Amino acid sequence: MLNNILKLVKKEVQLEWRQKTALGTIFIYVLGTAFLIYLIFQGNITIPTWIALFWIIALFTTVNAVSKSFIKDANEQFYYLRSIATPLEIIFSKIIYNALLITILALVIYAVMVLFFNENISDKGLFLLTILLGSIGFSNLFTLLSAITARTQNFVLLAILGFPIILPLLLLIVKMSELSNFAIQDKDIYMNLGAIGLLDVITLILSVVLFPYIWRD
Amino acid sequence: MKNWWKYLCVLLLFYTVIMGFSGPIPELNILEQSIRNLYFHVPMWFAMMILMFISMVYSIFYLSKQRIDHDIKASAFAKVGFLFGILGIITGSVWARATWGAWWVFEEVKLNGAGAALLVYAAYFILRGSFEDEEKKARFAAVYSIFAFVMFMVLINVIPRISNSSLHPGNGGNPGFNSYDLDSNLRMVFYPAVIGWILLSVWITTLIIRIEKVYRKKHGLDLE
């Protein structure tokens, strides 16, 4: 099973790499949004605004990047995939791949935001950990939801379904980002990290348990 | 007597309204007479939570048995739960105006949680409307509904406790309602009110389920 999951992840990476336009689209999207915000704010923003903008860009980029993760496998590929892999292997491979993709995108956004705005988050290690945990949570949720919305013709649906459901996680991540800049006591940091980790685990379990019901035709 | 719980519901709600508006209340600063909203605002949320829980249970039944009547029930309970959520927001808004001085307080985590919870379920109805195929609609809606309920619980139970900055009683260092209710006068009305409103919400749901079933029968659709 582990072997199959790795192969499927490799397949996703190869497919993505082959379609460089799709990858390019996302990067230009990130760059464009950040530049737009830079022009609107004229470079002067405080740390809370910086954090809020960072996660908003990350959220919208995630929706755009993840929304196509099951559309590629429509029609013929869908039946082929079903015949060679179990639903569990599929969902794990998609979640791992999307988590990787979102983490990389978030790091790119981080780099672009630093380029345009300079940032002064004091504990960079903690912020990177927040990015990683947040990306995993985003991936757990949006991978399952994109599997649902891929079957409809409604393309706004992923955002409509995803935004309210991601809210608890997003609130915790923003809080955590602020704590990584300035925390009064370590207790708050551990409590928030624990809550984010717990949500990651809950969403992962739900996605994995529910995915087989979506995957049948 | 098959429908004893409907008579009980009417009885309890009459008791709630009469005692709620004219019964004895403790003397309180700021809250004053608005404490009577306790019998209306709080039970709305209890009813919503219970209906959403039942909706999730029927969604799980649907996924395991694939009977369309489970889907009809899951959707009907979610609809009425949504209605009670809106009623909870309206009654809460009136109360907030009277005690906190504003219809809506933006820093208040419970209000934001409630608003987000309503959005989650609004998305559920939009998802249902996006499918033509009945079996797919039921299956995907059931999956989303389970997800939605878990996140709903996180939103209204976990986040307010972590952020610890709510204006609501019993949160963020504010005293809970039991500290106001020293002579149990509030409790005497509050518990019957909770049961009464929950029974009413279930009653409304059973009517919606019946209407849906009649509609399906008339159009020759499956009921199993």
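Data for the structure
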| read-out | value |
| --- | --- |
| Between helix B:185-218 and chain B: long-axis angle, C-alpha atoms, 0 to 90°, nearest 10 | 20 |
| Cα shape, chain B, gyration tensor, a/c 1.5 rule | oblate |
| On Cα atoms only, tilt of A:20-41 relative to the major axis of chain A in degrees | 20 |
| Reach of residue B:217 by Cα under 16 Å, taken over aspartates and glutamates that are not fewer than 8 positions away in the same chain | B:69, B:71, B:134 |
| Cα centroid separation - region A:122-195 against region B:32-83, whole Å | 27 |
| Between 0 and 90°, nearest 10: helix B:38-65 axis offset from chain B longest Cα axis | 20 |
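None of the figures in this text is laboratory data; all of them are computed from the coordinates on show. The shown structure was predicted, so the numbers you read here are calculated from the model rather than taken from an experiment.
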